[in-house]
Amino acid sequence: TGKKLRLKDPVTFNEKLQWLKLNDRRDLYRICADKLQVRDYVAENLGEEYLIPLLGSWENADQIDFEKLPQQFVLKCNHDGGSNSVVICRDKEHFDKAAAVETLKKCQITP
């Protein structure tokens, strides 16, 4: 915003958000940021009926067995919240699997 943040005594909404990022470190935030861990949390605390079906979980894009996926599906990286790592398949017959794998590999975290 171009202004110095008042983190000792935050006043604006933005200052309060930044203060929370630095000072409020609840485990629940980490759990909610993980697409797989949050499923376990929701199932335990609210019930499995609130979850959409999980079609699979893979360590890397090369492991995806596209034959086992339904006619329509969405693939997302667990570590990323951006749209760059989301692949949407509306019709598997016309779906470019190689392009999907390439897209996901660009977002893959390598050890």
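With the Cα gyration tensor of the chain in hand, convert its eigenvalues to equivalent ellipsoid semi-axes via √(5λ) and list them largest first in whole Å.
Result for the chain: semi-axes of 35, 19, 12 Å.
Here's the picture: charge each Lys and Arg Cβ at +1 and each Asp and Glu Cβ at -1 in the chain, and of Ser85, Pro10, Leu69 the one pushed furthest to the positive end of that dipole is Pro10. Does anyone have the angle between helix 13-23 and the longest principal axis of the chain? Alpha-carbon axes, 0 to 90°, nearest 10? Here the helix axis deviates by roughly 80 degrees.
Note on the chain: with a GNM built from Cα contacts shorter than 10 Å, the maximum mean-square fluctuation among Ile88, Ile31, Ile52 falls on Ile52.
Each Lys and Arg Cβ is given +1 and each Asp and Glu Cβ -1; about its Cα centre, the chain then shows a dipole of about 880 debye.
Extension gain, Leu51 to Asp65, is 2.8 nm, computed as 0.36 nm per intervening residue step minus the present C-alpha separation. Annotation for Trp58 and Ala43: the two label points, set 7 Å from Cα along the Cα-Cβ direction, are 2.1 nm apart. Here is the list for region 29-111: trypsin sites (Lys or Arg not before Pro) lying in DSSP coil, each with at most 15 other C-beta atoms within 10 angstrom of its C-beta, are Lys35, Arg90. Histogrammed with a bin width of 5 Å, the alpha carbon distances of region 29-73 distribute as 5, 18, 22, 20, 17, 14, 3, 0 percent, first bin at zero. Do the alpha carbons of any pairs in Lys76/Lys97; Lys68/Lys106; Lys68/Lys92; Lys76/Lys106; Lys76/Lys105; Lys35/Lys68 sit beyond 18 Å of each other, and which pairs? As for pairs spanning more than 18 Å Cα to Cα, those are Lys68/Lys106; Lys35/Lys68. To the nearest ten degrees, helix 97-107 and the longest principal axis of the Cα atoms of the chain are 20 degrees apart.
Read the figures in this text as sums done on the coordinates, not as results from a lab. As the structure is a computational prediction, the values presented were derived from the model and not from experiment. Glycine also receives a Cβ, built like all others from the backbone with ideal geometry; neighbour counts cover every protein chain displayed.
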